[in-house]
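S.K.: First the structure, then my questions, so here it is.
We did not get these values from a lab; they are worked out from the coordinates using the rules stated. Given the structure is predicted, the values throughout are model-derived calculations rather than measurements. Reconstructed Cβ throughout: ideal geometry from the backbone, glycine too, with neighbour counts over all protein chains shown.
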C-alpha cells in the first residue's frame, strides 16, 4: 500500500508525469466512473482476473484524489481510511457494540437509523434529497422510491404500481397529441419513474433489466443483419415491413 502511495506522490511531483501533474478532481471525474463500470463488467462476466485488475484501477482513483487533497493539506489517504473504518464500527453496533439483531432486515433498519442520525437528517425529505444526483436516473429513482416506501408511502402490492404505469402511459399519449415539448418530457419521465416502481416490487434492478434488454436487442439485430446479408439484401433499402419480418425471424433463431 505504501509503495502505491509513494508512486502516486512521485507522479504528482515536479519530477513526475506532466499529465498526472495537470489533473484536477474535475478533470478525472469521468475516469472514476469508467473504472467503476469496468469493475461491474468484470463482476457480470465472472472474470476474477479482470476483477482484480479493475479493483486496482478504482483504488488508484481513490489515491489520486487523496493525493490532490494531501497537497492542499485538507486531508490525505490515511484520513479516508480512518473515516471509513470509524463509519463501519458506528454502523455495525450489533458487531462492535451491544445491539442485538435477529435478521439482516433488522441490520438494515438500524443502519438507516444510524445513517440518518449521523448525517443530521431530521426529515425523510432530507433522506430523499441525500440520494446522489450523479447516479444514473434509473438507479436514483429506485433508491428514492425505496426510501419513500420506508415511511409507508407505497402501493400495497405490484397491481397498484402497474395501474400507475397504465395511467402515466395515457397521460404521455395525451401530451404527445396536445402538449408541448416540456409536457412530453415530464410525462415520459413520469412513465419511466412508474416503471421503476414496478421493478422495485419485482425485486429487479431497473438498470440491470434495461441493460439486459439492450444486449438482447443488439444480439437480435446482429442475427437480423446476418439474415439480410445471407440473402444479398441491403437493410437500408428494405421497407419497414420487410425489416419487421426479418426482426421476427431473428427472434426465433
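S.K.: Of the conditions (1) surrounded by fewer than 14 Cβ atoms within 10 Å (Cβ to Cβ); (2) closer than 29 Å to residue 136 by Cβ, residue 206 satisfies every one except a single condition; which number is it?
M.R.: (1)
S.K.: Just checking: which of the helices (runs of 4 or more DSSP H) contained wholly in segment 52-168 hold 1 or more residues that are more than 24 Å from the chain's Cα centre (by Cα)? Give the derivation first.
M.R.: Numbers: elements: 77-91, 93-96, 104-118, 124-129, 137-149.
Where helices (runs of 4 or more DSSP H) fall fully within segment 52-168 and carry at least 1 residues being more than 24 Å from the chain's Cα centre (by Cα), they are 77-91, 93-96, 104-118.
S.K.: While we're here: Can you report the number of residues in segment 6-24 which are closer than 12 Å to residue 65 by Cα and surrounded by 14 or more Cβ atoms within 10 Å (Cβ to Cβ)?
M.R.: Number of matching residues: 5.
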